[in-house]
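Chemist: Take this structure, written in structure tokens, and hold onto it; I'll ask about it next.
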């Protein structure tokens, strides 16, 4: 095998054992997906057809898998700010220029706005462009910002930080909104323009033409039972074909994840980094209510190396409502970190508690958000489709705003698609239209400039002084130099690679919830109104059922039981014998996508459940 | 034998949503809250559509009483297989006071107008939990009723209904025209799939006002207040029987 004279005895032994290893492992590579999915000791968890294809499943023999097909000009996946802005702009242009255009929007929530969650303090710039008369039309922007406060918290005190004009988090001219209500209002405007809206139907599959371009999407099948077999009520989803498909699934969309791989869209950008945002809405004592006040804090309970902070906005919509929440960067290293518990204990800080005392919590929810900014923007267009909104990730992290840029991206997508569709001399190489002009136009717009100017602020928090180093960096390079420095700092890498093994970290002792200010997880999940049809395959699919116990639990002490804001993942003792198993309570899922992002084994693949399931947020 | 089936559907707050009482205690918050078709109404629609598919009935008409948003609920019924819909427009104060008596008067009037042979409704709505509309409708029409149905089959010129009662199951035979109220185990409703929703957009939904049917909506009930149920007090564990007796004496129970 190896010329004996060339290697020392040690080296030869090494090479021989390596070769032996290769031989031992190569047979299993061929059947990795089927055989290693569950060993004899691991109970079967996953039954979804994306892991166990139905073509090979005897229970599906003879079942009619044909799908109803319909054609539209443009299909939009996701009825959030970006998707709806794209649909509205398309119809506005169509009616201005007397053209007929069929625009269909599919949305997994049962009603539009039910899966929308954000702070939110928005810049009305994009809305102003879309509807210059938004005030007359009754857009729910009722609370202009009157007061901006920023503080650094220590365990007992608060150090105020002045918000000077020019700093990214200065909110002059902005509005505090309940984004779910704004999205419902956008949906009403879209319906008036004759956009076809289909809430309750999730896009489950991307369809491709023979030439590899995107043909459209297929909605989810219904009537599959928990073990993966067809029920009497089984019906195939339908196919919606389009010349261009706009993907606006929000942060870490599941179809976008497939598209990145398929078209290699992330070749030249850094991996996206994320944070999880948890939010509650409270009715507070009128005496504590300051409508229009925006408060942000950093510091306690997080240490300087964990990015994150809180927000507390006083709404002005009749009742004394506040929207408050906590954001934790998902690049945290300690697997014992529990973002939900950090949020609950932050509420007990002496400067936060008085606002909430005597109040009543009326809503809870959570969602992942993008932190990668400029460095993590992928290629946005591919044959047959393009990406808008938080899906590729246009959020301005230090400003904590992404709605305005998401809406603008949707509008630009619409404008470029429209000019392409109405171009009579159009010649396309592929059946699905390619719209590279969208990316070019975006690069020349204020969205790009804005993201470029703040690109170094988030990565500057990775230094020795953590978040405080980031604040100093912001002061010097953004406030004074407006982000024109010639270098671009890098992120740390994938969030899922950042966890340290549990044995190298100290468990965090969280205080027990008191039931008045802080609450336990399950009562919070109940407030989100989340529910799913019980008898369906769990939509939190595992590529390999034995990895959670063997890897996540063994090395990292099961971080998914701590970072999930809905209590979906639980490690419970097996019924007979020793050991633990992973229990997935898929019904609790609030569709935040944190598990798909932070799983250190990247074994969890979130796929869309039956449409209509998920949280029932009202004005979150 | 094929006749018309009239199915009543109600738009209610979704069963998984946490209810919040309005600060002025006049009711619960409904603005922006997720609504869906009452689960028992879904079962009623499914049963009506199955009867039509078996050619035992020739037409299924879905009816809902309420504001504009009820049209969505009727659309869902149409997507499940109903042939046409009737929206009885009731809004504002009238809608807040709409109760089983008013709805049953409307259903009775419609049943006569549409010459229905069968009226199927859910046994109760999950918001009111009244369990009265079906029964009152039958009384106003002077028709027989098969309530809490867990199985319905055509038997000659009548219906055989298996009823779920406290002691078990009861079998009744009722002549048509009749009123049936659907219980949980009657069937498993089909999904309203997207192609059917798209087709349902082309089906007709007629709008009528209660006055057109000669129904007067004034309610004889006045809601005084709506409040949260009292907070459940935590229990206390006692160590011995003596302790238990002392505690019961102290609380005045013994």
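The values are calculated or read from the model by the stated rules, or taken from the named source; none is laboratory data. All values reported here derive from a predicted model rather than from experimental measurement. As a convention, Cβ positions derive from the backbone with ideal geometry for all residues, glycine included, and neighbour counts pool all protein chains shown.
Chemist: Taking the condition without any contact (Cβ under 8 Å) to a residue 60 or more places away in the chain, in contact with a helix residue (DSSP H, G or I) (Cβ under 7 Å, 6 or more places away or on another chain) and at positive phi, does residue A:567 pass?
Modeler: yes
Chemist: Sticking with this one: Here are some conditions: (1) surrounded by fewer than 24 Cβ atoms within 10 Å (Cβ to Cβ); (2) under 22 Å from residue A:119 (Cα atoms). Residue A:324 meets all but one. Which one does it not meet?
Modeler: (1)
Chemist: Restricted to the stretch A:165-185, and to residues that are without any contact (Cβ under 8 Å) to a residue 60 or more places away in the chain and more than 25 Å from residue A:364 (Cβ to Cβ), which residue is farthest from the chain's Cα centre (by Cα)?
Modeler: Ranking the qualifying residues of the stretch A:165-185, first place goes to A:165.
Chemist: OK, next. Could you tell me which of the residues A:312, A:278, A:302 is buried (at least 17 other Cβ atoms within 10 Å of the Cβ), away from chain B (no Cβ under 14 Å) and within 20 Å of the chain's Cα centre (by Cα)?
Modeler: After ruling out the rest, the residue left standing is A:278.
Chemist: Return yes when residue A:76 is under 30 Å from residue A:608 (Cα atoms), in contact with a helix residue (DSSP H, G or I) (Cβ under 8 Å, 6 or more places away or on another chain), surrounded by 22 or more Cβ atoms within 10 Å (Cβ to Cβ) and more than 14 Å from every other protein chain (Cβ to nearest Cβ) and no when it is not.
Modeler: yes
Chemist: Further question on the same structure: Evaluate the following for residue A:140: is it crowded, with 18+ Cβ neighbours inside 10 Å, away from every other protein chain (no Cβ under 14 Å) and under 27 Å from the mean Cα position of the chain (by Cα)?
Modeler: Considered against the rule, which asks whether it is crowded, with 18+ Cβ neighbours inside 10 Å, away from every other protein chain (no Cβ under 14 Å) and under 27 Å from the mean Cα position of the chain (by Cα), residue A:140 comes out as no.
Chemist: Please count how many residues of the stretch B:1-33 are part of a loop (DSSP other than H, G, I, E, B), in contact with a strand residue (DSSP E or B) (Cβ under 7 Å, 6 or more places away or on another chain) and within 11 Å of chain A (Cβ to nearest Cβ).
Modeler: Final tally of qualifying residues: 8.
Chemist: Now for a different question. Against the conditions (1) farther than 16 Å from residue A:383 by Cα; (2) at pLDDT below 85, where does residue A:430 fall short? Just the number, please.
Modeler: Checking residue A:430 against (1) farther than 16 Å from residue A:383 by Cα; (2) at pLDDT below 85, the one that fails is (1).
Chemist: Could you say whether any residue in the stretch A:54-64 is within 14 Å of chain B (Cβ to nearest Cβ) and in contact (Cβ under 8 Å) with a residue 40 or more places away in the chain?
Modeler: For the stretch A:54-64, residues within 14 Å of chain B (Cβ to nearest Cβ) and in contact (Cβ under 8 Å) with a residue 40 or more places away in the chain: present.
Chemist: While we're here: Of the conditions (1) without any contact (Cβ under 8 Å) to a residue 60 or more places away in the chain; (2) over 16 Å from the mean Cα position of the chain (by Cα); (3) within 30 Å of residue B:13 (Cβ to Cβ), residue B:200 fails just one. Which one is it?
Modeler: Against the list (1) without any contact (Cβ under 8 Å) to a residue 60 or more places away in the chain; (2) over 16 Å from the mean Cα position of the chain (by Cα); (3) within 30 Å of residue B:13 (Cβ to Cβ), residue B:200 comes up short only on (1).
Chemist: Which of the residues belonging to the stretch B:13-39 are touching a residue at least 60 places away in the same chain (Cβ under 8 Å) and either buried (at least 22 other Cβ atoms within 10 Å of the Cβ) or over 19 Å from the mean Cα position of the chain (by Cα) (or both)?
Modeler: Matches in the stretch B:13-39: B:21, B:22, B:25, B:26, B:27, B:38.
Chemist: Looking only at the stretch B:35-71, how many residues end up being within 14 Å of chain A (Cβ to nearest Cβ), touching a strand residue (DSSP E or B) at 6+ places or on another chain (Cβ under 7 Å) and part of a loop (DSSP other than H, G, I, E, B)?
Modeler: Residues that pass the stated criteria total 1.
Chemist: Checking residue A:83 against (1) touching a residue at least 60 places away in the same chain (Cβ under 8 Å); (2) over 18 Å from residue A:417 (Cα atoms); (3) assigned to a helix (DSSP H, G or I): exactly one of these is not met. Which one?
Modeler: Of the numbered conditions (1) touching a residue at least 60 places away in the same chain (Cβ under 8 Å); (2) over 18 Å from residue A:417 (Cα atoms); (3) assigned to a helix (DSSP H, G or I), the odd one out for residue A:83 is (2).
Chemist: Then there's this: Test residue B:77 against the stated conditions and say whether it is under 17 Å from the mean Cα position of the chain (by Cα) and either part of a loop (DSSP other than H, G, I, E, B) or under 15 Å from residue B:40 (Cα atoms) (or both).
Modeler: Considered against the rule, which asks whether it is under 17 Å from the mean Cα position of the chain (by Cα) and either part of a loop (DSSP other than H, G, I, E, B) or under 15 Å from residue B:40 (Cα atoms) (or both), residue B:77 comes out as yes.
Chemist: Give the stretch A:164-209 a look and list any residue that's assigned to a helix (DSSP H, G or I) and away from chain B (no Cβ under 13 Å), or say none.
Modeler: A:186, A:189, A:190, A:192
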